[in-house]
Amino acid sequence: MSTGPRTAPPEFLRALRSLRGVTLRPEVTLEEVPGPARIAPYTAALNAEVRTTRHDPEADELASGRFVILHDPAGQDAWEGTFRLVTLVRAVLEPEVGQDPLLAEVAWSWLSEALAEAEVDIRAAGGTVTRVLSQSFGALDERPELCELEMRASWTAADEDLAPHLRAWGELLCTVAGLPPLPEGVVALGRRH
C-alpha cells in the first residue's frame, strides 16, 4: 500500500506499513484503490476478489469485497478510538443456502470467529448482513434462482497493527466464498501484497 500523503501522521503510516507483509490465501487477489473522501482525515482502501484460480480473469469469482482504513487522530466518539476499519463482502450463494432463516446470524458469526481467531482487540463492532433471493419469470424464466449475500461491517482497531485485521477479513472472504478452511498448521503460501 502506498503510505499516503507526506503530511499523514506517523501512526497512520505505520498502520499502512503493517499491511504490506500480509499474505492471504492464493485464491485472494488484492488491489489498492483510493480511500473514501470526507469520512475521516486519512483513508486507504483495498479491493479483493476470490477466484477459483488466481489471476485468471476467466475463473469464476466466488466472492469480492473492500477493506477500508479510516484514521482520525482526534478520534471519534462512535468509534471509541482513532482507527476504524470498514468492510464489505459480497458473494453469490446456492439458493438453498440463501433460504436458510439463520443465514444472517451464521454469516455474522463467520466475521466474529475470524476476528476472534486473529486475537485482535476490537471495539464498537457493528454491521448488517443482507441477502437477496432472485427468481426470474417470463422471458427470463430460464435463469436459475440466485441468492446474493452482502455483509457490511465496521470495528475499531485498538492499535495501529492492522495486519491481523486484514488476515481475519481475508479469512471471512474465503469462508463466504465457500472455500474449505486450511487444515490446522497449514499456512497459505500466496504471494505478498
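The values are calculated or read from the model by the stated rules, or taken from the named source; none is laboratory data. No experiment lies behind these values; they were computed from the predicted model shown. Cβ sites come from the backbone with ideal geometry, for glycine too, and all protein chains shown count toward neighbours. Protein only, heavy atoms only, side chains kept; ligands, DNA and RNA dropped before computing areas. Shrake-Rupley method; radii C 1.70, N 1.55, O 1.52, S 1.80 Å.
A few comments on the model shown:
- The length gained by stretching the chain between residue 137 and residue 104 to full extension, at 0.36 nm per residue less their Cα-Cα distance, is 9.2 nm.
- For the chain, with +1 on Lys and Arg beta carbons and -1 on Asp and Glu, the positive-most of 12, 166, 102 along the dipole: 12
- On Cα atoms only, tilt of 103-117 relative to the major axis of the chain in degrees: 40
- Packing rank of 17-28, 41-52, where each peptide gets the mean count of other beta carbons within 10 Å, highest leading: 41-52, 17-28
- Shown are 146, 93, 166, whose ranking by accessible area with a 1.4 Å probe and every protein chain present, most to least, is 146, 93, 166.
- Estimated from the Cβ-Cβ distance and a Förster radius of 22 angstrom, the FRET efficiency linking residue 20 and residue 182 is about 0.50.
- From its DSSP helices (H runs of at least four residues, each -39,500 (n - 2.57)), the chain gives a residue-normalised ellipticity at 222 nm of -7000 deg cm²/dmol.
- Ranking 84, 123 by solvent-accessible area of protein heavy atoms (1.4 Å probe, all protein chains present), from largest to smallest, gives 123, 84.
- Charge dipole of the chain about the Cα centre (unit charges at C-beta), most positive-ward option of 23, 138, 52: 23
- Hz values of 3J(HN,Hα) by residue in the range 64-71 - Karplus curve (6.51, -1.76, 1.60), Gly and Pro given as x: 8, x, 9, 10, 10, 10, 10, 9
- Share of carbon and sulfur in the accessible heavy-atom surface of the chain [1.4 Å probe, %]: 51
- What the Cα convex hull of the range 81-193 gives, in volume per residue, is 142 Å³.
- Amide H to amide H distances under 5 Å link residue 52 with 60, 62, where only residues 5 or more positions off or on other chains count and H is placed in the peptide plane.
- If only the Cβ of Lys and Arg carry +1 and only the Cβ of Asp and Glu carry -1, the dipole of the chain around its Cα centre is close to 900 debye.
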